[in-house]
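Asker: A single structure is presented below for examination.
The values are calculated or read from the model by the stated rules, or taken from the named source; none is laboratory data. Since this is a predicted model, take the numbers as computed values, not measurements. FYI the Cβ positions are ideal-geometry reconstructions off the backbone, even for glycines, and counts take in every protein chain you see. These area figures cover heavy atoms from the full protein model, side chains too; ligands, DNA and RNA do not enter into them. Shrake-Rupley method; radii C 1.70, N 1.55, O 1.52, S 1.80 Å.
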Amino acid sequence: MEQFNASPLQINDRFGAQPVYADLRLPEGTEACVPVEHAAVIYVNQQSAFRVVCSPELLPQLALGRLLTEGWIASAAEVEQIAVCPEGAKIHVQLRRPLAARSAAAQEVSSCCTDNLPLGSPVETAPLRPVPFLALCPEWVDTLTAAMSSGLPGYCATRAVHSCFVLHEGRILVSCEDLGRHNALDKAVGCALLAGVPLAECVLYTSGRVPLDMVRKAIRAGVPVLVSKSMPTVQSAELAAEYGLQLVCGQKFPKNLSKSTK
């Protein structure tokens, strides 16, 4: 990966990476390669924050990306340390500041294909802000589409996981997979943050659907462009247009969907 200004936060990952898929004998007697589920709780300043069900790898990156895309932090510089226990059941994130609590509010549950849940007391999250403009070269979309079509190892083995890519100046710098599309995006964002990649200059590619919460994640990450082989909703297209996020979704929309919906 190209050298950027890597984040100074400390990572103590005692869990590491475990097998993300395994062979399983099905009831009818045949065998198939299927994904492995892993459950963990993300703690922020010793307070339980999120329960995640994910593929058992890149847990620090998942936690870091989740905090950014959910508005708990604005940058990796706010994080002092991320520690993962040997069993991978607890991911402890220590911020350089206390959490700002909200007076009374319900937390939203992501419409994810896994059992992800927000936990604990609500916190004051950062407001959405317009994303910077990035001139999108058609060749970049071709590069991402080709990479997604080729498939990453987990998808090629199981056909049952989601993928996310981070592209910078025409090159794919980060490739992540997970059971859930939200997790895959958060892992990719977390990897980019740790490497010091300027997300304001990047394009995200997701293999999953693009509902409102996925667009909100991309806006919070500060990326100018979100590409998907799937389709958005009316509401997600409207939100993208409001904050300047360029959407490139599906074969029928080779141009900026956000502009075309106005």
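Asker: Could you count how many residues in region 136-158 are farther than 21 Å from residue 52 by Cα, touching a strand residue (DSSP E or B) at 6+ places or on another chain (Cβ under 9 Å), open to solvent by 10 Å² or more (accessible area, probe 1.4 Å) and not aromatic (Phe, Trp, Tyr)?
Answerer: First, pick out the residues of region 136-158 that are farther than 21 Å from residue 52 by Cα: 136-153, 156-157.
From the residues that got through so far, the ones that are touching a strand residue (DSSP E or B) at 6+ places or on another chain (Cβ under 9 Å) too are 136, 140-141, 143-145, 147-148, 151-153, 157.
Checking the rest, the ones that are also open to solvent by 10 Å² or more (accessible area, probe 1.4 Å) come to 136, 140-141, 143, 145, 147-148, 151-153, 157.
Narrowing further to those that are not aromatic (Phe, Trp, Tyr): 136, 141, 143, 145, 147-148, 151-153, 157.
Selection size over region 136-158: 10.
Asker: Only residues in region 25-49 that are on the phi < 0 side of the Ramachandran plot and polar (S, T, N, Q) count as the first member; pair them with residues that are modelled with pLDDT of 95 or more and open to solvent by less than 60 Å² (accessible area, probe 1.4 Å), Cβ under 9 angstrom, at least 6 apart or cross-chain, and list the lot.
Answerer: As it stands, the answer is 48/41; 48/42, since those pairs meet every condition given.
Asker: Going residue by residue through region 183-193, is there one that turns out to be open to solvent by 20 Å² or more (accessible area, probe 1.4 Å) and either within 22 Å of residue 75 (Cα to Cα) or modelled with pLDDT under 95 (or both)? Talk me through it step by step, then tell me what you get.
Answerer: Applying the first criterion (open to solvent by 20 Å² or more (accessible area, probe 1.4 Å)) to region 183-193 yields 191, 193.
Right, trim to either within 22 Å of residue 75 (Cα to Cα) or modelled with pLDDT under 95 (or both) and you get 191, 193.
There is at least one residue in region 183-193 that is open to solvent by 20 Å² or more (accessible area, probe 1.4 Å) and either within 22 Å of residue 75 (Cα to Cα) or modelled with pLDDT under 95 (or both).
Asker: Evaluate region 78-87: report whether one residue or more is outside any strand (DSSP E or B), at pLDDT 95 or above, exposed (fewer than 12 other Cβ atoms within 10 Å of the Cβ) and not acidic (Asp, Glu).
Answerer: yes
Asker: Before we move on, is residue 177 in a strand (DSSP E or B), acidic (Asp, Glu) and open to solvent by 10 Å² or more (accessible area, probe 1.4 Å)? Before the answer, list the steps.
Answerer: Details: in a strand (DSSP E or B): yes; acidic (Asp, Glu): yes; open to solvent by 10 Å² or more (accessible area, probe 1.4 Å): yes.
So residue 177 fits the description; yes.
Asker: Further question: Hey, residue 209 hits all of (1) within 20 Å of residue 145 (Cα to Cα); (2) charged (D, E, K, R); (3) open to solvent by 10 Å² or more (accessible area, probe 1.4 Å); (4) in contact with a Leu (Cβ under 9 Å, 6 or more places away or on another chain) but one; which does it fall short on?
Answerer: Of everything listed in (1) within 20 Å of residue 145 (Cα to Cα); (2) charged (D, E, K, R); (3) open to solvent by 10 Å² or more (accessible area, probe 1.4 Å); (4) in contact with a Leu (Cβ under 9 Å, 6 or more places away or on another chain), residue 209 misses just condition (4).
Asker: Could you grab the pairs with beta carbons closer than 8 Å, sequence gap of 6+ or different chains, first residue in region 58-70 and part of a helix (DSSP H, G or I), second one hydroxyl-bearing (Ser, Thr, Tyr)?
Answerer: Within 8 Å, the pairs are 68/75.
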